[in-house]
Amino acid sequence: MNIWLISIPLISGFIGWITNLMAIRMLFHPRQPIVILGYSIQGIFPKRQQHFAQKLGKLVSEELLSFSEIEQKIVDPENLKKLMPVVESHVDHFLRVKLPDVFPVIAMFIGDKTISQMKTHLMNELESLFPVIMQRYMSNLQSELDLERIVVQKVSGFSSDKLEEILMSIMSKEFRFVEILGGVLGFLIGLLQVGITLWVK
């Protein structure tokens, strides 16, 4: 068999691999625009970083970390109940230890039964008050904390090196697979070319 026919799959595989490798590298390089024959060439991510940051900010604020979902979790009665033992312990400590220090005369006329009754009423009041407080807190926090703006500023401020490092750490295996797949497909196309050539002859 002609050595050129044997080399066709190898060359095709190499071309497929190097093409995909260059395509992946061009996601991040060149960092700055380079003008060639009147055309500006720049890596996709450096060129679209601001757009990427805006899309990511909107995604995080609307889908991944919405204030409404956080608020639902915080004001959920079941979650608030988990906090009540800590609050009750603090109230009990205040009535039995701190109150006599602050108001010693009043403490002289308060016994265990009165303390228990006061604690019960206070706990009932706090249990109904906590959801209102947390809802008010979340409303104030949402108006002061613009998640979308924070994410956009953070991502926009990333250096190109940092952005490449983050994406490569997440998708390095996938990028490697794409490179290898390009080589394999190129090799198979080369074999097909050889087969067609031999069949025509």
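The values are calculated or read from the model by the stated rules, or taken from the named source; none is laboratory data. The structure displayed is predicted, hence computed values, not measured ones. In this analysis, Cβ positions are derived from the backbone assuming ideal geometry, glycine residues included, and neighbour counts consider all displayed protein chains.
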Only one of 134, 84 is part of a helix (DSSP H, G or I), among the hydrophobic types (A, V, I, L, M, F, W, C) and under 30 Å from residue 54 (Cα atoms), namely 134
Output for Cβ contacts, cut-off 7 Å, separation at least six or different chains, first residue closer than 14 Å to residue 129 by Cα in the range 78-92, second of a type in the set (Phe, Trp, Tyr), reads 80/130
>> Based on this model, can you work out whether residue 135 counts as surrounded by fewer than 15 Cβ atoms within 10 Å (Cβ to Cβ) and more than 24 Å from the chain's Cα centre (by Cα)?
In response: yes
Result of the Cβ filter at 7 Å on the range 10-35, keeping first residues that are assigned to a loop (DSSP other than H, G, I, E, B) and partners that are of a type in the set (Gly, Ala, Ser) and buried (at least 16 other Cβ atoms within 10 Å of the Cβ), at least 6 apart or interchain, is 26/43; 27/43; 28/43; 28/160; 29/43; 30/43; 31/43; 31/160
Apart from one, (1) within 30 Å of residue 129 (Cβ to Cβ); (2) part of a loop (DSSP other than H, G, I, E, B) all hold for residue 73; the odd one out is (2)
Going through the range 63-77 in order, the residues found to be surrounded by 13 or more Cβ atoms within 10 Å (Cβ to Cβ) and of a type outside the set (A, V, I, L, M) are 66, 67, 71, 76
Among residues of the range 151-185 being among the hydrophobic types (A, V, I, L, M, F, W, C) and more than 28 Å from residue 13 (Cα to Cα), the residue surrounded by the fewest Cβ atoms within 10 Å (Cβ to Cβ) is 166
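Quick check on the range 36-55: of everything there that is of a type in the set (Phe, Trp, Tyr) and touching a residue at least 24 places away in the same chain (Cβ under 8 Å), which residue is nearest to residue 168 (Cα to Cα)?
Applying the filter and picking the extreme gives 45.
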If you go through 142, 193, 117, the only one that is farther than 27 Å from residue 51 by Cβ, among the polar types (S, T, N, Q), part of a helix (DSSP H, G or I) and in contact (Cβ under 8 Å) with a residue 60 or more places away in the chain is 193
Of 45, 52, 28, 94, the only residue that is out of contact with any Cys (no Cβ under 8 Å at 6 or more places or on another chain) and either surrounded by fewer than 16 Cβ atoms within 10 Å (Cβ to Cβ) or among the basic types (Lys, Arg) (or both) is 94
Kindly evaluate residue 80 against the criterion of being surrounded by 14 or more Cβ atoms within 10 Å (Cβ to Cβ), modelled with pLDDT of 80 or more and not basic (Lys, Arg).
no
